[in-house]
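The values are calculated or read from the model by the stated rules, or taken from the named source; none is laboratory data. Keep in mind that this is a model prediction, so the values were computed, not measured. Every residue, glycine as well, gets a Cβ built from its backbone with ideal geometry; the counts of neighbours run over all protein chains shown. Heavy atoms of the whole protein, side chains included, go into the accessibility calculation; ligands, DNA and RNA do not. Shrake-Rupley method; radii C 1.70, N 1.55, O 1.52, S 1.80 Å.
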Amino acid sequence: MDGRESRLNLRPRPTVASSRTILIAGAGIGGLTAALALSRAGFRVVVAEQAEKLSDVGAGIQLSPNATRILFDLGMEPLLAGSAVVPEAIGVMSARSGREIVRIPLGAAATFRYGTPYLILHRADLQQALLQRAEALPDIDIRLGHYHDAMVANQKAIEVDRTWAAQGGFYTLYRAHNFHFLAYAAMFDGQKQ
């Protein structure tokens, strides 16, 4: 980053009580990023993933400076350094002539303008880096191979069987459709944007 103040309120918090535990279904990019953000906001997070192990699936993805700013504020910058590429530009080409119509500068220009770079990397590399970061934090518990009939999604929420929830110590569940809002709210901690 170029020294600009981040608007994100992602200061580390002490270990929290289990009464502030949130269950996230899925250890994909969204689930792991939400877990990191919620942990930084003072929650204990359990991520339940049905796969026994996370595999190298997917393709290359592009991360705009908006996304890299959040990831860097979550401590991901050193973990992405070895696998991400910073492109110098994006060229939009004419299908008919093959000539370049417009060129959008990225690289150092995007980093200077937006404070963080535009990155390209493989989806599996991002997921692995997020998993590595999450596993290093004491308030995040990743449970692979945890898919059970105790979790049932309906239109409004993810319902968890009370017996299973009691065994896992889960006290707080949020609607799956609101995970992105919940993570956003936790990161910005009520600040006006």
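Between SER94 and ARG143, the modelled labels are 5.9 nm apart [label points 7 Å from Cα along Cα→Cβ].
Take the Cα of PHE112, step 7 Å toward its Cβ, do the same at GLU135, and the gap between the two points is 4.0 nm. As a length-normalised measure over Cα pairs under 8 Å and 6 or more apart, the relative contact order of the range 78-131 settles at 38 percent. Our coupling estimate for the range 30-36, obtained by passing each phi through the Karplus curve with A = 6.51, B = -1.76, C = 1.60 and θ = phi - 60°, is x, x, 5, 5, 4, 4, 5 Hz, Gly and Pro reported as x.
Amide H contacts under 5 Å for LEU106: ALA89, ILE90, restricted to partners 5 or more places along the chain or on a different chain, H placed in the peptide plane at 1.01 Å from N. In this simple spin-label model, placing a label point 7 Å from the Cα along the Cα-to-Cβ direction at both GLN128 and ASP56 gives a separation of 0.7 nm. Taking all protein chains together, ASP125, ASP73 sort by accessible area into ASP125, ASP73, largest first [probe 1.4 Å]. Using the Karplus relation 6.51 cos²θ - 1.76 cosθ + 1.60 with θ = phi - 60°, the per-residue 3J(HN,Hα) values for the range 115-125 come to x, 9, x, 8, 10, 10, 7, 7, 3, 5, 5 Hz, with x marking Gly and Pro. Residues in the range 40-54 carry Karplus couplings, in order, of 5, 8, x, 9, 8, 10, 10, 9, 9, 10, 6, 5, 5, 8, 7 Hz; the curve used is 6.51 cos²θ - 1.76 cosθ + 1.60 with θ = phi - 60°, and Gly or Pro positions show x.
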